[in-house]
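Rule-based calculations on the coordinates, nothing more; no lab input. As the structure is a prediction and not an experimental result, all values here were calculated from the model. Please note: Cβ atoms are built from the backbone with ideal geometry, for glycine as well, and neighbour counts cover all protein chains shown.
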Amino acid sequence: MNFKHKFVFLFPGLFVLIGILIFPIIFTIRLSLSGWNSYTPEMNFIGITNYIRLFTDDPRFWESFFRLSFLSVSTVILQYIIGFALALMVWKEIKFKRFFRVIFLIPMMTTPVIMTVIWRTFFHESLGPVNDLLGHIGIGPILWLSDPVIAKFTVIIVEVWQWTPFMFLLLLAGLLSLPKEPFLAAAIDGASPFRKFVYVTFPLMAPISIGAIIIRLIEASKIMDTVFVLTSGGPGTATETSSFYIYIKGLREFQMGYAATLSFTYLVIMIISLTIIAKVLTKLMIKE
Amino acid sequence: MEKLYTFLKYTFITLWTVFIVAPFLWAVSTSFKDFQSVNSKVTYIPWLDFEPTLEGWRVLVKSPARGGVDIVEPYFNSIFVTCTASLVSIVLGTLAAYALSRFTFKAGFVRNNDITFFFISQRIMPPIVLSIPFFIFLSTIGLLDSLLGLVVVYIVLLMPIAVWIMVDFFNRVPKELDETALIDGCNPYQAFYKVVLPNSIPGLIVAGMFCIIFGWIDFFFAFILTFTEVQLLPVKVVALNSSITPWWSLSASALISVAPLIIVAFVVERYLSKGNLSGALK
């Protein structure tokens, strides 16, 4: 086909994207080499001082990063298990199939911050329904938002509520597109439902599963909205994730230069670790 | 064994449904409460536990001067930004996806897959990383705190989704379709516009829905990049949260903000059941 047409199709989108992004990225890198803060709001050049500070003198960033890893990996695992189970359950004929499918999809259509505002009243320690109902069966008030350990689980609960539907959607769409023949063969062999799942459904779903997990991990690594509204990173720094820490440094304390250093480092770590995770998952789940 | 499985299945489905519905029920109930029924003790059922009032909903239509919450303007702002950015993303994303699906690109070590990955990888970018430079970028060109500025930023957010869905979709549209059109004397643009596009409507709808969802639910960029001139819905609702617990108007405005997209759930389910989505999402 003619040589130039393909560029007419590709370039508008590509250039708009690059055009919008090129400045922020270069700017972030340049900014990370400066000491821009509220006292000296200027683009001076201080070399890699910020990077030295990050790698030698900022345990809070690394803590927030490990916390983020814990939160995103555990929510995605939960979402995968629950989402897969739900998808399997409404895959074949059951009563009110379409009703349940709609219900299971609804949370991902709702704005996370807005639902988190509701969750906050839901988990309110003295005026919320959860502690009230638990109180009736004799379980003392649980400090959903002010206990450093429990607050993490509250964040996980809200994230699972919000995003399991996305996993469910991707996996159900995958299930519905599977070829019929392997299942017929398994049925003829008289395989039990469990064996059918282990030897037919799961292997067939492996590529889709990997795709879904990676997409969810990417999105989960950006956990920010939920934390912002639910706990504001607290109590203390118990639920502070990397994004939130960068937000505090950059837009609350106006250490723009240092925040840019954090941003850039964080981005590089994210890209590397997601690539590794994708490789490892592919090795684990797809047996040649 | 079979019976036990069925029993467990329905138990699980029921429990999950309760979990999903619970915050909505709580919000509906709270939106009809007044100060007394929120703050004295936890109440659930109107008339039985507390006397319902429409105060929470009435606040939404009152003018701000008389103690109301102006939610109408943010509502329209959100609709405008989401729809404009989605439209631009779909148009540009679909064109790019078509190019990536049909033609071969080669530039040094860069191949089609790398370009596709470049598009999609923009989703990896945490909003916070972009928000500081965007803040300075938009204030330089005078688009800070404006609808247009947000649209520009949202395009970055949404175009990867459009490309992701449409590349996979076009890969499943048989190539013979465009080839026949070309033999019949169409030029590549006509082949795309007259033949491929009409056959891609399910994909376009799915891509459109996803753009609308992810545009509508974004909070962070709107929060950082706008202040007073322009407010989007999520920012407005969260701002209510920081003031002292008027949970009734908070719940009412939250419900009314999430309502429109719940319709999308029905549309998605329709496509899912018809089998159109499977192609578009794989």
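Largest GNM mean-square fluctuation across A:Phe153, A:Phe244, A:Phe100, computed for chain A with C-alpha springs under 10 Å, falls on A:Phe100. Taking the centroid of alpha carbons for each part, the stretch B:191-238 and the stretch A:87-161 are 26 Å apart. Computed per residue of chain B from DSSP H runs no shorter than four, each worth -39500 (n - 2.57), the mean residue ellipticity at 222 nm is -23000 deg cm²/dmol.
Scattering from the stretch A:99-138 was approximated by placing one identical point on each alpha carbon and applying the Debye formula without solvent; log10 I(q)/I(0) at 0.16, 0.29 1/Å stands at -0.56, -0.85. Each residue of the stretch B:173-185 was assigned a 3J(HN,Hα) from its phi angle through the Karplus curve 6.51 cos²θ - 1.76 cosθ + 1.60 (θ = phi - 60°); the sequence is 7, x, 5, 4, 4, 6, 4, 4, 4, 5, 5, 6, x Hz, with glycine and proline shown as x.
Would you be so kind as to identify which of B:Phe192, B:Trp216, B:Phe76 lies farthest towards the positive end of the dipole of the protein assembly as shown, taking Lys and Arg as +1 and Asp and Glu as -1 on Cβ and the Cα centre as origin? The Cα lying farthest towards the positive end belongs to B:Phe192.
Phi-derived couplings, Karplus 6.51 cos²θ - 1.76 cosθ + 1.60 at θ = phi - 60°, listed residue by residue for the stretch B:265-270: 4, 5, 5, 4, 4, 4 Hz, with x used for Gly and Pro. Which residue, A:Ala278, A:Ala187, A:Ala212, has the most motion in a Gaussian network model of chain A that connects Cα atoms within less than 10 Å? Checking each option, the largest mean-square fluctuation is seen for A:Ala187. For the stretch A:123-188, a Kirkwood radius taken over Cα pairs fed into Stokes-Einstein (10 °C, viscosity 1.306 mPa s) yields D = 104 µm²/s. Shape analysis of the stretch B:4-137 places it in the oblate category; the axes a ≥ b ≥ c from the Cα gyration tensor give an a/c of at least 1.5, with a/b not above b/c. Taking amide H atoms as placed 1.01 Å from N in the peptide plane, the amide H of A:Gly35 lies under 5 Å from those of A:Asn44, A:Ile46, each 5 or more residues away in sequence or on another chain. With a ≥ b ≥ c taken as the square roots of the eigenvalues of the C-alpha gyration tensor of chain A, please select rounded if a/c is under 1.5 and otherwise prolate if a/b is larger than b/c or oblate if it is not? It comes out oblate by the Cα gyration axes. Pairs of Lys residues in chain A that lie 8 or more places apart, or on two chains, and have C-alpha atoms under 19 angstrom apart add up to 7. Toward the positive end of the charge dipole of chain B, about the Cα centre and with charges on Cβ (Lys, Arg +1; Asp, Glu -1), which of B:Tyr271, B:Gly93, B:Leu25 goes farthest? Towards the positive end, the residue furthest out is B:Tyr271. Which of rounded, prolate, oblate describes the stretch B:2-53, given a ≥ b ≥ c as roots of the alpha-carbon gyration tensor eigenvalues and a/c under 1.5 marking rounded, otherwise prolate only if a/b is larger than b/c? Taking the square roots of the gyration eigenvalues as a ≥ b ≥ c, the stretch B:2-53 is prolate.
Placing +1 on each Lys and Arg Cβ and -1 on each Asp and Glu Cβ, with no other charges, gives the stretch B:2-53 a dipole about its Cα centre of roughly 200 debye.
Quick one: helix A:112-122 against the long Cα principal axis of chain A, what's the angle to the nearest 10°, folded into 0 to 90? Taking the Cα atoms of chain A, the angle to A:112-122 is about 80 degrees. Counting only alpha carbon atoms, the long axis of helix A:256-285 and the longest principal axis of chain A meet at about 20°. Only Lys, Arg, Asp and Glu carry charge here, each on its Cβ (+1 for the first two, -1 for the last two); on that basis chain B has a dipole of about 440 debye about its Cα centre.
Reported to the nearest whole Å, the Cα centre-to-centre distance from the stretch B:1-71 to the stretch A:177-205 is 42. Between A:Leu170, A:Leu267, A:Leu21, the residue with the greatest mean-square fluctuation in the GNM of chain A (Cα pairs under 10 Å linked by springs) is A:Leu21. Over the protein assembly as shown, the reciprocal of the mean inverse Cα-Cα separation, the Kirkwood hydrodynamic radius, stands at 25.4 Å.
Among A:Ser273, A:Ser38, B:Ser251, B:Ser31, a tally of other beta-carbon atoms within 10 Å of each Cβ gives an order, fewest to most, of A:Ser38, A:Ser273, B:Ser31, B:Ser251. Phi-derived couplings, Karplus 6.51 cos²θ - 1.76 cosθ + 1.60 at θ = phi - 60°, listed residue by residue for the stretch B:140-147: 5, 8, x, 10, 5, 6, 9, 5 Hz, with x used for Gly and Pro.
With all pairs of different C-alpha atoms in the average, the Kirkwood value for the hydrodynamic radius of chain B is 22.1 Å. Compared with the dominant Cα axis of chain A, that is its longest principal axis, helix A:148-176 is turned about 50°.
Here the protein assembly as shown is treated with +1 on each Lys and Arg Cβ and -1 on each Asp and Glu Cβ, and its dipole about the Cα centre works out to around 1260 debye.
For the protein assembly as shown, with the dipole built from +1 on Lys and Arg beta-carbon atoms and -1 on Asp and Glu ones, taken about the Cα centre, which of A:Thr265, B:Thr53, A:Ile82 lies farthest toward the positive end? Of the candidates, A:Ile82 comes out farthest on the positive side. What the Kirkwood sum gives for the stretch B:112-239 is a hydrodynamic radius of 16.9 Å, with every pair of different alpha carbons counted.
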